[in-house]
Amino acid sequence: MAAQTQSARDANDPFGPLSNLETPPDVILRSDAEPRHVHIPVQWAGPHEGREADCPGIRRKRDSLILCYPRFSGTGFNNLDGVVKAYNAVDKFLIPDGQTLLEQIMVSPKFLEKEPHRVFAIACVLHLEEPAKRAAMETLKLPRFVSALSIPEFDLITARHLRQLEVFHATCSESAMARAERYAHMQPVGQQEGHFVWWTSQNHAPGCGYTYDDTVGEYVFPARWFSDHIAAAKNAANNIPAAESVLKAVNEVSYANLETLLKCPECRRDAKGSLSMMEREMEYDLRMDYRRVRGRLAIGIRFLTILSVNRYWLGLHFHNNENFANFDF
């Protein structure tokens with residue numbers, strides 16, 4: 001069967017034939033000579049005549065139609081004001097697919113990317129788990145401490161919601177920092193990861209390559225420029241832990257560190273490839289970490305709960321920080 005298309009003469013949303021794909025219209029109201037596709041319960045009796053697109057036709061004036069048919073469409077939403085009341089209203093008046101459409105509007109890029117904290121608050125008020133999780137993930141793209149947040153729905157949620165969103169953000173930061181630190185952590189002599197240029201010892205310029213420190217036993221440290229680079233990447237991850245931002249910080253060397261590594265022929269030749277390899281490894285690990293943390297977000301009847309997580313999950317040790325040993329406050 002050929003795909004259905006919207007005719008140029010059809011009415012706009014919410015009266016178009018494609019306005020509701022989940023529950024397609026089953027009757028056409030002829031209002032002011034413009035066919036309006038609706039659902040048959042809107043009119044239980046009236047002068048029927050003709051058929052169009054396999055639906056019976058009903059003649060009605062536009063004013064009468066507007067009074068009796070819910071005008072609900074996602075095309076006219078410019079902000080999230082009143083979404084909570086609208087969500088409860090469509091439930092009260094049994095508007096078909098109204099809540100589904102409102103949820104889709106909330107998580108659309110238009111609002112989710114620009115107002116993730118507000119979407120999160122609204123989702124908590126309405127006990128919507130998936131929108132809350134998506135909004136929490138989106139907040140990772142913003143600094144950990146965002147000043148001057150003016151969100152009306154914050155008055156409708158508890159301090160526990162906000163506290164646990166902060167813990168979620170901080171936990172993702174800790175995860176990203178731990179992943180980055182693993183690549184710069186000291187390693188036993190002869191067991192360092194030789195496929196990364198900062199762990200090799202041959203063909204480096206004087207003072208470059210891995211270093212040996214007998215004060216810590218039989219262990220070596222990566223090239224100095226790389227240790228400084230990872231320290232900068234960790235600072236970036238602590239502030240904005242979104243995977244995209246962390247990976248960018250890992251792969252882009254600062255001017256000062258770039259100036260240092262360019263003095264070494266070995267690092268100048270292989271640093272870019274080694275950093276790209278590390279970025280690919282970290283991308284998989286980070287996304288798996290964040291997926292696990294995200295999965296522990298759960299909307300309850302009264303508040304958002306993050307299930308207890310042992311500090312050694314995923315094999316990561318969060319530096320004995322008791323704030324992250326257990327999320328169940």
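Of note:
- Pick from segment 240-298, criterion surrounded by 15 or more Cβ atoms within 10 Å (Cβ to Cβ) and touching a strand residue (DSSP E or B) at 6+ places or on another chain (Cβ under 7 Å), ranking: nearest to Pro131 (Cα to Cα): Leu297
- Restricting attention to segment 152-166 and to residues that are at pLDDT 90 or above and hydrophobic (A, V, I, L, M, F, W, C), the residue that is farthest from Arg294 (Cα to Cα) turns out to be Leu156.
- Among helices (runs of 4 or more DSSP H) entirely within segment 95-144, having at least 2 residues that are more than 18 Å from Asp81 (Cβ to Cβ) and at pLDDT 95 or above singles out 129-139.
- Which listed residue, of Glu115, Glu103, Glu138, Glu129, is within 16 Å of the chain's Cα centre (by Cα), closer than 23 Å to Asn238 by Cβ and of a type in the set (Asp, Glu): Glu138
- Among the numbered conditions (1) modelled with pLDDT of 90 or more; (2) surrounded by fewer than 18 Cβ atoms within 10 Å (Cβ to Cβ); (3) more than 24 Å from Ala242 (Cα to Cα), the only one that Thr75 does not meet is (1).
- Yes/no for Gln191 being modelled with pLDDT under 90 and under 23 Å from Thr260 (Cα atoms): no
- Scanning segment 220-263 for residues that are under 31 Å from the mean Cα position of the chain (by Cα), in contact (Cβ under 8 Å) with a residue 12 or more places away in the chain and not in a helix (DSSP H, G or I) yields Ile240, Pro241, Ala242, Val253, Ser254.
- Looking only at residues in segment 145-177 that are of a type in the set (A, V, I, L, M) and assigned to a helix (DSSP H, G or I), the one that is surrounded by the fewest Cβ atoms within 10 Å (Cβ to Cβ) is Ala159.
Table: residues versus (1) touching a strand residue (DSSP E or B) at 6+ places or on another chain (Cβ under 8 Å); (2) under 30 Å from Ala121 (Cβ atoms); (3) not assigned by TED's automatic domain parsing to the domain that holds Thr260.
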| position | (1), (2), (3) |
| --- | --- |
| Leu140 | no, yes, yes |
| Phe145 | no, yes, yes |
| Ala148 | no, yes, yes |
| Pro152 | no, yes, yes |
| Ala170 | no, yes, no |
| Arg179 | no, yes, no |
| Val189 | yes, no, no |
| Trp199 | yes, no, no |
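- Scanning segment 97-139 for residues that are of a type in the set (S, T, N, Q) and surrounded by 21 or more Cβ atoms within 10 Å (Cβ to Cβ) yields a single hit, Thr139.
The values are calculated or read from the model by the stated rules, or taken from the named source; none is laboratory data. All figures in this text were calculated on a predicted structure; none of them were measured in a lab. FYI the Cβ positions are ideal-geometry reconstructions off the backbone, even for glycines, and counts take in every protein chain you see.
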